[in-house]
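The values are calculated or read from the model by the stated rules, or taken from the named source; none is laboratory data. Every value quoted in this text rests on a predicted model; they were computed, and no experiment measured them. Cβ sites come from the backbone with ideal geometry, for glycine too, and all protein chains shown count toward neighbours.
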Amino acid sequence: MSLQIALVGLPNVGKSTLFNALTKSNAAAAENFPFCTIDPNVGIVALEDERLNKIADTAGSKKIIPETIEFVDVAGLVKGASAGEGLGNQFLSHIRQCDAVALVLRFFEDGNITHVSGTIDPASDREVIETELILADLQTVEKMVEKAIRNAKSGEKDAVSRASALKKLQKILSEGKRASEAELTEDEEILFKEIQFLTSKPFLYVANVSENEIGDFDENAAKLTLGLSDSDELIAISAKIESELSGLSDEEAQEFLIDMGLETSGLQKLAHAAHQILGLSRYFTAGEQEARAWTIPKDATAPQAAGVIHTDFEKGFIRADVAGWRDFIENKGWHGCREKGLARSEGKDYVMKDGEVCLFKFNV
């Protein structure tokens, strides 16, 4: 299943333009008026990884299957959305299915593109978006908390944990804080998975800047402007540049990036940031038929990694042959790695490392 990232922002911040560029499509309406996105647009993007390409060449793979990210372009939010303003909170549900939330904030100036509040103020935009998501979560909690408290009087363990969690969440959200800031016990954490609170998801921030400012973007100054901490993920992207890149070949795109003084595209930066905040890693499999990238949690064991391919692989796991991707390439695949002792046989307790090439052995 693809990693899902919700693109959230106020109207006319370049969110749909960015979506179209990232997905190389025109699926999202990108007009100069609020609410041009009505239904959420969904696009699946293949992530480039030079390691996978080289591994495929080494293994003589006929097909390359990269990791994918699914972007969900959510309708523009406005102040009061949680209470039904603008398009209302009917579209907030589209965020619940996503793994992370990317807040697209407008930094660029353009007199031809209106701003819903009449002025360019990314800090205010961030406050509006986060407040609406917090208020939507608070509404959800308040609909559930009284019943949960009544049920807790039975003394049943799950009911007590549920009521306790909801009361903690109600307090945190009422203070204008995100649900992720609530200090919950292990039993109470189960509620997060059940309800999928909007503000329990990891947030990352996308600064949509002009093409003239992208090369000199000051991340630290922008974080101060937005009131972010050093640990928050902030990615500067020019939706206009990404739009131009989407129409170029790989070679042309690389030349264009070099000319702009950029090392990589906005898509790759966004993907890297998403991996960071979600604590994800990547490993590879390679054979004659295909070479493929697989996404796993950073602390996944070898059986868990095998289970991403198929649940039967995890259940019947015996051993895993593992080689570093560089060793695999430099020694021309499994045969060379085994000859030099660079292919290891790992058991059930082995914790996978990013970029490893694996061959699983299992009982059917």
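What single numbered condition from (1) under 30 Å from residue 266 (Cα atoms); (2) touching a Leu at 6+ places or on another chain (Cβ under 8 Å); (3) without any contact (Cβ under 8 Å) to a residue 24 or more places away in the chain; (4) part of a helix (DSSP H, G or I) fails to hold for residue 128?
Condition (3) is where residue 128 drops out.
Please verify whether the stretch 172-187 includes one or more residues that are surrounded by 20 or more Cβ atoms within 10 Å (Cβ to Cβ), modelled with pLDDT of 90 or more, not assigned by TED's automatic domain parsing to the domain that holds residue 241 and not small (Gly, Ala, Ser).
Kept after step one, since they are surrounded by 20 or more Cβ atoms within 10 Å (Cβ to Cβ), are these residues of the stretch 172-187: 172-173, 179, 182.
After this cut, where a residue has to be modelled with pLDDT of 90 or more as well, the list is 172-173, 179, 182.
From what's left, not assigned by TED's automatic domain parsing to the domain that holds residue 241: 172-173, 179, 182.
Filter once more, keeping what is not small (Gly, Ala, Ser): 172-173.
The answer is yes; a qualifying residue exists.
Out of the residues in the stretch 210-229 that are assigned to a loop (DSSP other than H, G, I, E, B) and at pLDDT 90 or above, state the one that is surrounded by the fewest Cβ atoms within 10 Å (Cβ to Cβ). Give the steps one after another, and end with the answer.
Applying the first criterion (assigned to a loop (DSSP other than H, G, I, E, B)) to the stretch 210-229 yields 210-213, 217-218, 227-229.
Of the ones still in play, those that are also at pLDDT 90 or above are 218, 227-229.
Details: 218: 11, 227: 10, 228: 18, 229: 6.
So, considering only residues that are assigned to a loop (DSSP other than H, G, I, E, B) and at pLDDT 90 or above, the one surrounded by the fewest Cβ atoms within 10 Å (Cβ to Cβ) is 229.
Going through 134, 149 one at a time, which residue ends up being over 20 Å from residue 274 (Cα atoms), buried (at least 19 other Cβ atoms within 10 Å of the Cβ) and aliphatic (A, V, I, L, M)? Steps first, please.
Details: 149 fails: buried (at least 19 other Cβ atoms within 10 Å of the Cβ).
Result: 134 is the single residue among 134, 149 that is over 20 Å from residue 274 (Cα atoms), buried (at least 19 other Cβ atoms within 10 Å of the Cβ) and aliphatic (A, V, I, L, M).
Is the stretch 328-343 home to any residue that is under 23 Å from residue 276 (Cα atoms) and either at pLDDT 95 or above or in contact with an Asp or Glu (Cβ under 9 Å, 6 or more places away or on another chain) (or both)?
We begin by selecting, within the stretch 328-343, every residue under 23 Å from residue 276 (Cα atoms); these are none.
No, the stretch 328-343 contains no residue that is under 23 Å from residue 276 (Cα atoms) and either at pLDDT 95 or above or in contact with an Asp or Glu (Cβ under 9 Å, 6 or more places away or on another chain) (or both).
Across the stretch 230-243, what is the number of residues that are crowded, with 16+ Cβ neighbours inside 10 Å, more than 17 Å from residue 47 (Cα to Cα) and out of contact with any strand residue (DSSP E or B) (no Cβ under 6 Å at 6 or more places or on another chain)?
Result for the stretch 230-243: 3.
Is it true that some residue in the stretch 297-307 is touching a residue at least 24 places away in the same chain (Cβ under 8 Å), under 15 Å from residue 52 (Cα atoms) and not aliphatic (A, V, I, L, M)?
no
State yes or no: is residue 164 outside any helix (DSSP H, G or I) and either in contact (Cβ under 8 Å) with a residue 40 or more places away in the chain or not charged (D, E, K, R) (or both)? Lay out the reasoning, then the answer.
Values: outside any helix (DSSP H, G or I): no; either in contact (Cβ under 8 Å) with a residue 40 or more places away in the chain or not charged (D, E, K, R) (or both): yes.
No, not satisfied.
Here is a list of conditions, (1) buried (at least 19 other Cβ atoms within 10 Å of the Cβ); (2) of a type in the set (S, T, N, Q); (3) touching a residue at least 60 places away in the same chain (Cβ under 8 Å), and residue 265 meets all of them except one; can you say which number that is?
Of the numbered conditions (1) buried (at least 19 other Cβ atoms within 10 Å of the Cβ); (2) of a type in the set (S, T, N, Q); (3) touching a residue at least 60 places away in the same chain (Cβ under 8 Å), the odd one out for residue 265 is (3).
Pick from the stretch 46-87 the residues that are at pLDDT below 80 and β-branched (Val, Ile, Thr): which of them is nearest to residue 14 (Cα to Cα)?
So, considering only residues that are at pLDDT below 80 and β-branched (Val, Ile, Thr), the one nearest to residue 14 (Cα to Cα) is 74.
Mind checking which strands (runs of 3 or more DSSP E) fall wholly inside the stretch 269-335 and carry at least 2 residues that are surrounded by fewer than 19 Cβ atoms within 10 Å (Cβ to Cβ)? Talk me through it step by step, then tell me what you get.
Working: elements: 280-286, 290-297, 317-324.
Per the criteria, 290-297, 317-324.
Among the candidates 17, 37, 23, which residue alone is among the hydroxyl-bearing types (Ser, Thr, Tyr), assigned by TED's automatic domain parsing to the domain that holds residue 246, closer than 30 Å to residue 355 by Cα and at pLDDT below 85? So that I can check it myself, show each step before the final result.
Values: 17 fails: closer than 30 Å to residue 355 by Cα; 37 fails: closer than 30 Å to residue 355 by Cα.
When all the criteria are applied, what remains is 23.
Do we have residue 327 as more than 27 Å from residue 245 (Cβ to Cβ), touching a Cys at 6+ places or on another chain (Cβ under 9 Å), free of Cβ contacts under 8 Å to residues at least 24 places away in the same chain and not hydrophobic (A, V, I, L, M, F, W, C) here? Give the derivation first.
Values: more than 27 Å from residue 245 (Cβ to Cβ): yes; touching a Cys at 6+ places or on another chain (Cβ under 9 Å): yes; free of Cβ contacts under 8 Å to residues at least 24 places away in the same chain: yes; not hydrophobic (A, V, I, L, M, F, W, C): yes.
Yes.
Hey, does the stretch 291-300 have a residue that's at pLDDT 90 or above and within 30 Å of residue 13 (Cα to Cα)?
Going through the stretch 291-300, the residues at pLDDT 90 or above turn out to be 291-300.
Subset that is within 30 Å of residue 13 (Cα to Cα): none.
For the stretch 291-300, residues at pLDDT 90 or above and within 30 Å of residue 13 (Cα to Cα): absent.
Take the stretch 186-234 and flag every residue that is of a type in the set (Gly, Ala, Ser) and touching a residue at least 12 places away in the same chain (Cβ under 8 Å).
Filtering the stretch 186-234 for residues of a type in the set (Gly, Ala, Ser) gives 200, 207, 210, 215, 221-222, 227, 229, 231.
The answer is 200, 207, 210, 215, 222, 227.
Take the residues in the stretch 241-268 that are outside any loop (DSSP other than H, G, I, E, B) and of a type in the set (S, T, N, Q), then tell me which one is nearest to the chain's Cα centre (by Cα).
Kept after step one, since they are outside any loop (DSSP other than H, G, I, E, B), are these residues of the stretch 241-268: 241-246, 250-260, 266-268.
Filter once more, so that each one left must be of a type in the set (S, T, N, Q): 243, 246, 254, 268.
Working: 243: 20, 246: 20, 254: 24, 268: 12 Å.
Ranking the candidates gives 268 first.
Out of all the residues in the stretch 336-364, which are crowded, with 17+ Cβ neighbours inside 10 Å, free of Cβ contacts under 8 Å to residues at least 24 places away in the same chain and assigned to a loop (DSSP other than H, G, I, E, B)?
Answer for the stretch 336-364, where residues must be crowded, with 17+ Cβ neighbours inside 10 Å, free of Cβ contacts under 8 Å to residues at least 24 places away in the same chain and assigned to a loop (DSSP other than H, G, I, E, B): 342, 343.
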